[in-house]
Structures are given as C-alpha cells and as structure tokens.
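The structure appears below as structure tokens.
The values are calculated or read from the model by the stated rules, or taken from the named source; none is laboratory data. Since the structure is predicted, the reported quantities are computational estimates derived from the model, not experimental observations. Note: ideal-geometry Cβ built from the backbone for every residue, glycine included; neighbour counts use all protein chains shown.
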Amino acid sequence: MLRISLLLSCLTQTVFAALTTPSRDETRSPLTATPARFGFLYGNGASSDKTGSDFSWEQMTLQGGFGLNTKISDEMTLFYGLGYRLTRIDQGASPRREELDDLHNLSLPISAIYHRENSPWTFFAQLSGELASDFKHLGSDDYDFTAKLAAQYEFSDSFTLNFGLSRSRNFGEARVIPGLGFTWIPADEWALTLIGPRITLSHRFNENLVVRAGGFPMGGLWNVEEDSGESVDYGFRSYNAGIGLDYKLRHGVWLTVWAGATFANELQAELRNDRLFKDELDSGFFGYVGINLYEW
C-alpha cells in the first residue's frame, strides 16, 4: 500500500503541475498524437477448462511516468524520462505456483526524433533500460532492455505511413517485432490510427470530448525468486478491446475512461528457458481510468 500511495502522490503532483501551467494553444492533436499515460487498469477472467486447473485471475496495473525533452538542433529532439508500472495478478484459490502479488516494471527510456523541415520523413529511435521483478530479490535476471527503430513518411496532411522494428517485453516474453502502421484522417473530426498492435478509431464531438473505439495489448515479463530459491520468469499477456471517452480538463490534459473485453489471455512460466506451464485463459472484462498528457 505504501508503494501505491507514493506513486499516486507522484502522479497527482504531475497532473496538478500540468493543470496549473498557464494556458496556451495546443500543438498536438488528441485525435492522432501519442500522449504520456498515467492510469489504473483492471482486468479479470478465469482459467480455461483446457488447462486442467481451476482458478480465477485478476490483473491490476498502475502506470505512470514523466518525460523531458531537449532540443539538440533544429532537426533533432532528445527525450528522456522515467516510467513505472505496478501489476498484481491474483491467481485465485488454486495458483499454479507462486502468488504473483506485486510485480514492478521500472524503465529509463532515451529517445531521439529527427525531422528536417519540409521533409516528409521523420525518424525515431529509443533505447530503454528495464527492471522487471517482484523486488524480493534482485539479480542479473531482473534486468533487460527494450529498443525501437521507426520511420514515418507523410504522404499528405491526411495520411502518414509508419514502419519499424522493436524489441519488446510486453507480450509475456521478450521478442523482436516488425511493425507497420498508419495515421489516416478522413475528415476533420475523425482519425484512424494503427501503432503496432494498438488500433484506435477516434471521433471528436467538440473541443472537449473525444469518443474512441479500439484495442491495445497489456502484459509483461517478470523474474520472480520462488520459495525454493529458483529464479522463474513469469509472463502474462492480454488484449483489450472496448470503447473509450476522453474529456478535456485543460490544454493538453485529458481525462480518459475505457471499458470492454479481454481476450487472448495467457499466463506462462519458464525456468532457464524450459517452460514450466502455459495457461490459455478465458476472456473477461477490463476497465481503465487515467490521465493523458499531450503537452506539459
């Protein structure tokens, strides 16, 4: 509870600072721009009959962070910051192995964006050190990294193509994933975006309200030292699809609420690259409430 209280305090102070910053014109559109996200996600479901086990599961994730930027030149901007995510997975009365209570993800990302004026090309690179553990014991297995390389080509004011390559740990295991995406704005108040596995259809009703439909993945990979002394990698992944509402609180600061269904849920464990189990979990529902920051 102390860790949660400290994180909530940090998030509250960050949002308060953004809300009290003197108002100015927005330069990033909530229809298409990727925000900094602070929020709480809850999802649940049950074990599949195929696994031979019988338990329910709940996932609670509290996420947040901050980012700063430095203008290196007219063409290049450097971004750096800190991200934190707390996840709790309750396996119910019949856990397969350990109780997975407090699972922590701490990341230190450094990103660079290169864009020459009047050029249709934009280039992006990111390297992030990652710590993923239950913090009961820290060893070399708790540390890893993620990386992204991407490029964007603007065909017109209404259509942009994105492509790249990333190494991610957010799908229950570490893997290298090629990516292809786009941003399409068929009308002034509509936008369809595909960024990796996150797809969103957005409609801006007015200056203060955006309605969305879409899907996004959630999950992670953590190293846990069990009571036996073995160091086990636990991976969880889920895909969430639903409806969301964004309400503008102030320039660049939006309250966001989502609700929908979870599916493609999976919990697995590996010991020294040998799989201990892999459970395909039944679908359930999820809810998310948070703050999106587009400018601060």
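Rundown of residues vs (1) more than 22 Å from L245 (Cβ to Cβ); (2) more than 19 Å from the chain's Cα centre (by Cα), yes/no style:
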{"residue": "F159", "(1), (2)": "yes, yes"}
{"residue": "S166", "(1), (2)": "yes, no"}
{"residue": "R169", "(1), (2)": "yes, no"}
{"residue": "E173", "(1), (2)": "yes, no"}
{"residue": "G181", "(1), (2)": "yes, no"}
{"residue": "P186", "(1), (2)": "no, yes"}
{"residue": "E189", "(1), (2)": "no, yes"}
{"residue": "I199", "(1), (2)": "no, no"}
{"residue": "N206", "(1), (2)": "no, yes"}
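I'd like to check something: does region 255-267 contain any residue that is more than 24 Å from R85 (Cβ to Cβ), in a strand (DSSP E or B) and at pLDDT 95 or above?
No, region 255-267 has no match at all.
Just to verify a result, which residue in region 150-173, among those that are buried (at least 17 other Cβ atoms within 10 Å of the Cβ) and of a type in the set (A, V, I, L, M, F, W, C), is nearest to Y239 (Cα to Cα)?
F171
Among S140, S156, which is the only one that is among the hydroxyl-bearing types (S, T, Y) and modelled with pLDDT of 90 or more?
Step by step, each of S140, S156 is checked, and only S156 is among the hydroxyl-bearing types (S, T, Y) and modelled with pLDDT of 90 or more.
Counting only residues that are modelled with pLDDT under 90, give me the strands (runs of 3 or more DSSP E) lying completely in region 194-254 with at least 3 of them.
209-225, 231-250
Mind checking which residues of region 208-225 are surrounded by 16 or more Cβ atoms within 10 Å (Cβ to Cβ) and more than 22 Å from the chain's Cα centre (by Cα)?
E225
I291 - would you say it is β-branched (V, I, T), touching a Phe, Trp or Tyr at 6+ places or on another chain (Cβ under 6 Å) and within 15 Å of L209 (Cα to Cα)?
yes
Hey, which of the strands (runs of 3 or more DSSP E) in region 142-192, taking only ones fully inside, have at least 3 residues that are β-branched (V, I, T)?
175-187
For region 232-265, enumerate the residues that are surrounded by fewer than 16 Cβ atoms within 10 Å (Cβ to Cβ) and over 18 Å from the mean Cα position of the chain (by Cα).
Y247, L249, R250
Counting only residues that are assigned to a strand (DSSP E or B) and of a type in the set (K, R), which one in region 268-296 is surrounded by the most Cβ atoms within 10 Å (Cβ to Cβ)?
In this case the residue turns out to be K278.
Would you mind finding the one in T34, T27 that is at pLDDT below 85, part of a loop (DSSP other than H, G, I, E, B), exposed (fewer than 15 other Cβ atoms within 10 Å of the Cβ) and within 20 Å of the chain's Cα centre (by Cα)?
Matching residue, one of T34, T27: T34.
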